[in-house]
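Asker: Quick one: this structure, given as structure tokens, is what I'll be asking you about.
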Amino acid sequence: MAAEEDAGVGRAPACLCVLCGLPAAGKSTLVRTVLSAAPQQGWRATVVPYDDLIPEHAFQTRAVEEGVKLQEMHTEWKLHRQAVLQCIEQFLKEPEVLADVPSSSSSSSSCQINTAAWEQCIRALLQPEALDHSQADQAPLLFLLDDNFYYPSMRYEVYQLARKYSLGFCQVYLHCDLESCISRNQSRSEPIPTEVILEMVKRLEAPNPQNSWETKSILLNTTDSLSKCDIQRVMELISSALSNPLSPVEDNTEQKEADRLKCATSVVHQADQACRRLISEAMKTARGNQVPSEHMRSLATQLNDSKATFLHNLRKQLLQETSLTQGEDIDVERVVKRAVDVFDHEKKEILLRIINDHK
């Protein structure tokens, strides 16, 4: 900790601003507006675009949905995200080192980020065009982290980095209705599959200002265009975060929050695996009852939709459980079993309905 504090001596103030929301919710538009307004505030600002920094193959593997490959996919995707934060951390330590992409003992060479894209990110900080060069070195730094950040655990990693180096931290959640997101996405030159957006809607958990680490969060309704008031709110949020950096001192409340996130993630992962086995069993039972192929497809869709909703609600419930905030030991296996029993009941009802419809 002492070395980290020493590394921050004399460093310009900095803020990590997380932009989260569905694809095509308006994050890129907000980024352009904030970047153009930043010099007027005396800030050196850059965007950290996860889509550009993380290689294409990592996004492609996210579509894999079966067995062990799913776990490998989640692990690799998480390592790529961590590599982005490692680059930010190294820049904070050694800003004069241009685009030195750090390697990690926990990540393989396949989890390296796009060096050219990272160079572009930090060049905007090292060579700000709209600031007086004599004062640029001490001008506050603003990192706009542009990604979907649909799980709290993804955003919490950014918060931990901000706390480690006494940086400002804030979040902007861009809320846009689903139809508008899909329509905007389809008008792009390289749209992402609509199925990805539909799946993300089920998983997305908006920032909750009631969480101790998410107090500096605002929601913007971006179904319509951003207003001047919206932009002003964002600029004031960032300014407040810069003026009130996080303390690197460990806080018991925040440790409990981290433990709660870790526990919830473990339970949901194990429940997901158990639900997949139940779905597989249901499909075998349906085939044994000679259910027609079109009904089989309907069964698979209903079961997977039910699983996604079930896991989303389970995660939300776990994060709200008071027992997870009181330092008690949690019997994960027991919690998983009780939760999966609920899904098993739903599975049986869906299966019975499909079989009866076939008769």
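Asker: Return the total of residues in the stretch 310-319 being touching a residue at least 40 places away in the same chain (Cβ under 8 Å), of a type outside the set (D, E, K, R) and crowded, with 17+ Cβ neighbours inside 10 Å. Walk me through how you get there before you give the answer.
Answerer: If we filter the stretch 310-319 for residues that are touching a residue at least 40 places away in the same chain (Cβ under 8 Å), which is where we start, we get 311-312, 314-316, 318-319.
Filter once more, so that each one left must be of a type outside the set (D, E, K, R): 311-312, 314, 318-319.
Narrowing the set further to residues that are crowded, with 17+ Cβ neighbours inside 10 Å leaves 311, 314, 318-319.
So the count comes out to 4.
Asker: Taking only the stretch 197-241 into account, find how many residues are assigned to a helix (DSSP H, G or I), out of contact with any helix residue (DSSP H, G or I) (no Cβ under 9 Å at 6 or more places or on another chain) and surrounded by 13 or more Cβ atoms within 10 Å (Cβ to Cβ).
Answerer: We begin by selecting, within the stretch 197-241, every residue assigned to a helix (DSSP H, G or I); these are 197-203, 212-214, 228-241.
Within this subset, residues satisfying the condition of being out of contact with any helix residue (DSSP H, G or I) (no Cβ under 9 Å at 6 or more places or on another chain) are 200, 228-229, 232-233, 236-237, 240.
Filter again for surrounded by 13 or more Cβ atoms within 10 Å (Cβ to Cβ), leaving 200, 233, 237, 240.
Summing the residues that are assigned to a helix (DSSP H, G or I), out of contact with any helix residue (DSSP H, G or I) (no Cβ under 9 Å at 6 or more places or on another chain) and surrounded by 13 or more Cβ atoms within 10 Å (Cβ to Cβ) in the stretch 197-241 gives 4.
Asker: Separate question: Mind telling me which of the residues Lys307, Lys347, Lys337, Lys359 ends up being basic (Lys, Arg), surrounded by 12 or more Cβ atoms within 10 Å (Cβ to Cβ) and either at pLDDT below 75 or over 29 Å from the mean Cα position of the chain (by Cα) (or both)?
Answerer: Answer to the selection: Lys347.
Asker: Can I ask one more? Any residue that is outside any loop (DSSP other than H, G, I, E, B), surrounded by 13 or more Cβ atoms within 10 Å (Cβ to Cβ) and at pLDDT below 90 - is there at least one of those in the stretch 6-13?
Answerer: Yes, that holds for at least one residue.
Asker: What single numbered condition from (1) closer than 23 Å to Thr29 by Cα; (2) within 19 Å of the chain's Cα centre (by Cα); (3) β-branched (Val, Ile, Thr) fails to hold for Thr215?
Answerer: (1)
Asker: When Asn148 is evaluated against the numbered criteria (1) modelled with pLDDT of 90 or more; (2) not in a loop (DSSP other than H, G, I, E, B), which criterion, by number, is the only one it fails?
Answerer: (2)
Asker: In addition: Go through Leu125, Leu141 for me and flag whichever is buried (at least 18 other Cβ atoms within 10 Å of the Cβ) and either of a type in the set (Asp, Glu) or at pLDDT 90 or above (or both). Give the steps one after another, and end with the answer.
Answerer: On the way: Leu125 fails: either of a type in the set (Asp, Glu) or at pLDDT 90 or above (or both).
Every option except Leu141 fails the conditions.
Asker: Only one of Ala117, Ala130, Ala136 is at pLDDT below 85, under 29 Å from Gln40 (Cβ atoms) and touching a helix residue (DSSP H, G or I) at 6+ places or on another chain (Cβ under 8 Å); which?
Answerer: Details: Ala117 fails: at pLDDT below 85; Ala136 fails: touching a helix residue (DSSP H, G or I) at 6+ places or on another chain (Cβ under 8 Å).
After ruling out the rest, the residue left standing is Ala130.
Asker: If Ser187 meets every condition in (1) surrounded by fewer than 15 Cβ atoms within 10 Å (Cβ to Cβ); (2) in contact with an Asp or Glu (Cβ under 8 Å, 6 or more places away or on another chain) apart from one, which number is that one?
Answerer: Unmet for Ser187, out of (1) surrounded by fewer than 15 Cβ atoms within 10 Å (Cβ to Cβ); (2) in contact with an Asp or Glu (Cβ under 8 Å, 6 or more places away or on another chain): (2).
Asker: Oh, and also: Taking Ser293, is it outside the structural domain of Lys347 (by TED's automatic domain parsing), out of contact with any helix residue (DSSP H, G or I) (no Cβ under 8 Å at 6 or more places or on another chain) and free of Cβ contacts under 8 Å to residues at least 60 places away in the same chain? Walk me through it before giving the result.
Answerer: Working: outside the structural domain of Lys347 (by TED's automatic domain parsing): no; out of contact with any helix residue (DSSP H, G or I) (no Cβ under 8 Å at 6 or more places or on another chain): yes; free of Cβ contacts under 8 Å to residues at least 60 places away in the same chain: yes.
When the stated conditions are applied, Ser293 does not pass them.
Asker: Report yes if some residue within the stretch 154-166 is of a type in the set (Val, Ile, Thr), at pLDDT 95 or above and either assigned by TED's automatic domain parsing to the domain that holds Leu35 or farther than 22 Å from Asp51 by Cα (or both); otherwise report no.
Answerer: yes
The values are calculated or read from the model by the stated rules, or taken from the named source; none is laboratory data. These numbers were taken from a predicted model, which means no experiment stands behind them. So basically every Cβ, Gly included, is an ideal-geometry build from the backbone, and we count neighbours across all protein chains shown.
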